[in-house]
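The values are calculated or read from the model by the stated rules, or taken from the named source; none is laboratory data. Values in this document were obtained by computation on a predicted structure and should not be read as measured data. Positions of Cβ are generated from backbone atoms using ideal geometry, with glycine treated the same way; all protein chains shown enter the neighbour counts. Calculation scope for accessible area: heavy atoms of the full protein, side chains included, ligands and nucleic acids excluded. Shrake-Rupley method; radii C 1.70, N 1.55, O 1.52, S 1.80 Å.
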Amino acid sequence: QVQLVESGGGLVQAGGSLRLSCAASGSIFSINAMGWYRQPPGKQRELVALISSGGATDYADSVKGRFTVSRDNAKNTVYLQMNSLKPGHTDVYYCNLRVRTTPGPYEYQYWGQGTQVTVSS
């Protein structure tokens, strides 16, 4: 089993910053892609940022230039630095990790518990 613990959400004024963290523990052989998603009320989760095992990144157009995703492989942790926040960034944010629990090729997808980000105007 793999457990994910998210932290770092909260209330911030427009223009402010937050840093989200997601730490994984348990039966981990390696972690492939790590990412962050947001889920607007009544809608499906949508990708915010993704980082591959090699460090390549991808971002939703709405956050390019504002958010930065990074990872610390030694700590099995992914981060999302959120700068210049706008009220439109208000949502619950979920981390997503694709984990190999054995040396074989199979990976399993795990989600964090979600953390609320609220940006006031």
Select from segment 76-120 the residues that are among the aliphatic types (A, V, I, L, M) and in a loop (DSSP other than H, G, I, E, B) and list them in ascending order.
Leu85
For the structure I just gave you, tell me whether Ser70 is of a type outside the set (D, E, K, R) and either more than 13 Å from Met34 (Cα to Cα) or in contact with a helix residue (DSSP H, G or I) (Cβ under 9 Å, 6 or more places away or on another chain) (or both).
no
If we only count strands (runs of 3 or more DSSP E) wholly inside segment 10-75, which ones have 1 or more residues that are open to solvent by 70 Å² or more (accessible area, probe 1.4 Å) and of a type in the set (Asp, Glu)?
46-51, 57-59
Contact list please: Cβ distance under 8 Å, first residue in segment 96-113 and free of Cβ contacts under 8 Å to residues at least 24 places away in the same chain, second residue surrounded by 14 or more Cβ atoms within 10 Å (Cβ to Cβ), pairs at least six apart or on different chains.
Tyr106/Arg100; Gln109/Asn96; Gln109/Leu97; Gln109/Arg98; Gln109/Val99
